[in-house]
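Below is one structure; the comments refer to it alone.
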Amino acid sequence: MSVHNSLGDLKLDQTVFFLCDMQERFRPAIKFFSDIVEVAKRLTEATRILDIPLIVTEQYPKGLGSTIEELNVSNAVCVIPKTKFSMVLPEVETHLKNLCGGKVKHIILFGVETHVCIQQTVIDLLARGFEVHVMADACSSRSQMDRMFALERFRHIGATVTTSEAVLLQLVGDKDHPKFKEIQAIIKISAPESGLVSSL
């Protein structure tokens with residue numbers, strides 16, 4: 001593992017956002033779903049402001065519905081239906097080879113469920129040498145026990161578990177960044193202080 005990887009650095013022009021399976025049918029089942037939606041909205045908005053590629057997957061959309069209406073993913077590089085739990089599908093791998101001038105290094109990952117699709121995506125991305133940043137405030141599961149131990153596992157295997165605000169400010173890096181004011185505007189209201197934190 002490189003020093004940079006263990007530090008969790010981020011370079012804007014080498015970063016891709018992954019939105020995993022934020023679909024209608026998960027709404028009633030996932031704990032604190034409305035809270036992670038609020039945070040996911042900021043993250044998807046940030047991809048437009050900062051011109052960061054966004055990759056979206058939908059787990060069996062025929063049965064589980066498409067990405068929820070609150071999330072505007074019209075700027076996504078692709079919205080891919082899947083049955084496999086991991087987001088690392090052949091089509092996604094092809095995009096990763098071509099995005100950011102072929103120099104994708106950092107993946108910002110969020111969505112559901114933390115211990116299933118997020119977890120298998122983390123493992124597959126790390127195995128391929130990507131640096132993975134999991135948004136703890138934008139990931140949930142039906143069970144907080146499952147979520148908590150998945151996040152703990154991610155830390156042990158070398159992913160960075162962090163928050164949306166930390167990542168967005170790290171990506172702009174300087175209050176003189178031309179997009180700083182726009183990013184500041186979307187994080188001005190603090191992210192929901194939900195039960196997501198009580199069990200960490």
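The values are calculated or read from the model by the stated rules, or taken from the named source; none is laboratory data. Here the structure is a predicted model, which is why all the values come from computation and not from measurement. Cβ coordinates were reconstructed from backbone atoms using ideal geometry, including for glycine residues, and neighbour counts include every protein chain displayed. Please note that ligands, DNA and RNA were not included when accessible areas were found on the heavy atoms of the full protein model with its side chains. Shrake-Rupley method; radii C 1.70, N 1.55, O 1.52, S 1.80 Å.
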Label-point separation in nm, residue 49 to residue 95, each point 7 Å along Cα→Cβ: 2.2 nm
Carbon/sulfur fraction of accessible area - region 34-105, other protein chains in place, 1.4 Å, %: 51 percent
Carbon + sulfur, % of accessible area of region 149-200 - ligands and nucleic acids excluded, 1.4 Å: 54 percent
Scaled radius of gyration (Cα, divided by 2.2 N^0.38 Å) that region 142-182 gives: 1.64
Kirkwood Rh, Cα atoms: Rg over Rh of region 35-146: 0.93
Neighbourhood charge, 12 Å Cβ-Cβ cut-off, centred on residue 144 and excluding it, Lys, Arg +1 and Asp, Glu -1: +1
Cβ-Cβ FRET estimate between residue 128 and residue 34, R0 fixed at 30 Å, reported to 0.05: 0.35
Estimated Rh, region 1-76: Kirkwood, alpha-carbon pairs, angstrom: 13.8 Å
All lysines inside 21 Å of residue 82 as judged from Cα atoms, apart from same-chain residues fewer than 8 positions distant: 62, 97
Contact order relative to length of region 1-103, as percent, for alpha carbon pairs under 8 angstrom and 6 or more apart: 31 percent
Cα pair distances in region 125-200, grouped into 10 Å bins until the bin that holds the longest one, percent each: 16, 40, 31, 12, 0
Mean accessible surface per residue for the chain, computed with a 1.4 Å probe while every protein chain stays in place, in Å²: 47 Å²
Relative contact order computed over the chain (Cα-Cα under 8 Å; 6+ residues apart), in percent: 26 percent
Hydrodynamic radius (Kirkwood) for region 100-149, which is based on Cα pairs only, to one decimal in Å: 11.4 Å
Within-10-Å neighbourhood charge of residue 13 [Cβ basis; K, R +1; D, E -1]: +2
Pair residue 83, residue 188: separation of 7 Å Cα→Cβ label points (nm): 4.8 nm
Whole-percent pair-distance distribution, where bins are 10 Å wide, for the alpha carbons of the chain: 9, 39, 40, 12, 0
